[in-house]
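Encoded as structure tokens, the structure appears first; notes follow it.
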Amino acid sequence: MFARWGMGLFAICFGLLVHAQDFEKVKRAAERGDAAAQYSLGVMYHKNIGINAGDGAEAMKWFRKAAEQGHEDAKVILEVESAMPRSGEPVASVAILIDAKTEKRLLNLAERGDATAQFYIGFLYMLRGSHIGRENIEGYMLGSEGYIWLRKAAEQVHTGAQAMLFMKPLGIKQEDSYAVRQLREAAERGDAKAQVSLGNEYQIGHQVARDYAKAAKWFRKAAEQGDASGQLFLGKTYANGLGVTQDFAEAAKWFRKAAEQGNVSAQSSLGWAYLKGMGVAQDDAEAEKWFRKAAERGDANDRDILELVPYLKQKAKQNDADVKQLRGAAERGNAVAQYDLGMTYGYGLGVTANGNEALKWLRNAAEQGHPEAQYRLGAMYAEGRGVFPDAAEARKWLSRAAAQGNEKAKEALKAKPQGN
């Protein structure tokens, strides 16, 4: 799998809705035999199973085509689907039929933002925790890990997950739904996981009317019980001023509490706080310390940030005048300046993070032959970060970077290909 990058660069694997032109583009690529497109098409069909059950078979057809070409993620989905109960078979048995290795691969895929994997892992966790049959599926504990993963899939408009969460397709709000009542009751009893989940519901506004103040209230209740996720989300509410007065010092305080419990996202957030001097005294050594902790337990994103620390330290100190000067050089066609400006916008270094500007300037630099820009643009296309996934474009830019000696691009190209 090509390495991912870009904390602060938008992640839109499939967005909230798939536009018709995107669907047709992916379908054409899939029909041409592009394994990455075949997998993407399978996900698109699978996200519609709550509305049209027949799309499940179509999804599996495309997953199978991708798997036949060696697409590892497609193989995982097919293994899980093969263990799903058929008509008349006890539903709870599925949790037993998934072996540990497959489950670990499925969880890794879900953590990378794949809606189909999030649906399956949520379903499995829900079953494992409740041991219920399909006819009683509404009885599972909504503050559980299963609920959290199903909600993540539902947020990507996976209609099967939405149906399981008792949401109408496309997220029509149901303030008084059974699901919300159960979740609120658990939260009011003091269940920290339910409090975090309810806070997320109010922040996102899927099953309830969006209310940032209520979200902050429930995050605080969980955080004060010592729940690391609650502490992380409370820190984010203070960092962004959502439902509370923006307070970077308070944000850093809660990030630290969660980070000290080993929460990887909080460790990374605390690293950024130290790097930019937001709520804490600017301290490069502390920033690197927390980025390193996140990288030890996190994903490719976290490891990539650790590698970038020397660069980030330098650029984080930019002021408005520096950025203005950098933009001037970029607009005059300087490839190094274009790369730096793309990274500046991608990571919010002295400016507000802006994915569109990041992509624009990285592309300009890549087209002029800047190897690091070519690598990062290729990685974005490989992983669908800020652009629609395109295996051909990914390979094109990675190959160009590798030809210039970029070692990360060489490693990415040696990895098992996801397309032709």
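The values are calculated or read from the model by the stated rules, or taken from the named source; none is laboratory data. Bear in mind the structure is a predicted one, so any value in this text is a computation, not a measurement. Backbone-built Cβ (ideal geometry, glycine too); neighbour counts: all protein chains shown.
Specify which of the listed residues (271, 298, 279) is among the small types (Gly, Ala, Ser), at pLDDT below 95 and at positive phi.
Criteria check complete, one pass: 279.
Which of the residues that make up the range 258-279 are over 23 Å from residue 303 (Cβ atoms) and buried (at least 20 other Cβ atoms within 10 Å of the Cβ)?
279
Before we move on, is residue 247 over 25 Å from residue 223 (Cβ atoms), touching a residue at least 24 places away in the same chain (Cβ under 8 Å) and in the same structural domain as residue 228 (by TED's automatic domain parsing)?
For residue 247, the condition - over 25 Å from residue 223 (Cβ atoms), touching a residue at least 24 places away in the same chain (Cβ under 8 Å) and in the same structural domain as residue 228 (by TED's automatic domain parsing) - is not met.
Looking only at the range 200-227, count how many residues are under 17 Å from residue 154 (Cα atoms) and either modelled with pLDDT of 90 or more or aromatic (Phe, Trp, Tyr) (or both).
Going through the range 200-227 one residue at a time, the tally reaches 1.
Of the residues that sit in the range 191-210 and are assigned to a loop (DSSP other than H, G, I, E, B) and free of Cβ contacts under 8 Å to residues at least 40 places away in the same chain, which one is surrounded by the most Cβ atoms within 10 Å (Cβ to Cβ)?
If we take residues in the range 191-210 being assigned to a loop (DSSP other than H, G, I, E, B) and free of Cβ contacts under 8 Å to residues at least 40 places away in the same chain, then 208 is surrounded by the most Cβ atoms within 10 Å (Cβ to Cβ).
Tally up the residues in the range 349-402 that are under 22 Å from residue 29 (Cβ atoms) and either within 20 Å of the chain's Cα centre (by Cα) or modelled with pLDDT under 80 (or both), please.
Within the range 349-402, residues that are under 22 Å from residue 29 (Cβ atoms) and either within 20 Å of the chain's Cα centre (by Cα) or modelled with pLDDT under 80 (or both) number 17.
Quick check on the range 347-357. Is at least one of its residues of a type in the set (Phe, Trp, Tyr), in contact with a helix residue (DSSP H, G or I) (Cβ under 7 Å, 6 or more places away or on another chain) and free of Cβ contacts under 8 Å to residues at least 40 places away in the same chain?
Within the range 347-357, none of the residues are of a type in the set (Phe, Trp, Tyr), in contact with a helix residue (DSSP H, G or I) (Cβ under 7 Å, 6 or more places away or on another chain) and free of Cβ contacts under 8 Å to residues at least 40 places away in the same chain.
Kindly check whether there is at least one residue in the range 318-325 that is at negative phi and either touching a helix residue (DSSP H, G or I) at 6+ places or on another chain (Cβ under 6 Å) or surrounded by 21 or more Cβ atoms within 10 Å (Cβ to Cβ) (or both).
No, every residue in the range 318-325 fails to be at negative phi and either touching a helix residue (DSSP H, G or I) at 6+ places or on another chain (Cβ under 6 Å) or surrounded by 21 or more Cβ atoms within 10 Å (Cβ to Cβ) (or both).
Across the range 180-190, what is the number of residues that are farther than 9 Å from residue 218 by Cβ and buried (at least 22 other Cβ atoms within 10 Å of the Cβ)?
Qualifying residue count, the range 180-190: 1.
Kindly indicate whether any position in the range 3-22 is assigned to a helix (DSSP H, G or I) and either of a type outside the set (Gly, Ala, Ser) or modelled with pLDDT of 70 or more (or both).
Within the range 3-22, one or more residues are assigned to a helix (DSSP H, G or I) and either of a type outside the set (Gly, Ala, Ser) or modelled with pLDDT of 70 or more (or both).
Among the residues of the range 250-275, write down those that are touching a Leu at 6+ places or on another chain (Cβ under 7 Å) and free of Cβ contacts under 8 Å to residues at least 24 places away in the same chain.
Scanning the range 250-275 gives a single hit, 256.
So, restricting to helices (runs of 4 or more DSSP H) that lie completely within the range 318-391, which ones have at least 3 residues that are under 24 Å from residue 412 (Cβ atoms)?
Once the helices (runs of 4 or more DSSP H) in the range 318-391 are filtered for at least 3 residues that are under 24 Å from residue 412 (Cβ atoms), what remains is 335-347, 355-367, 371-383.
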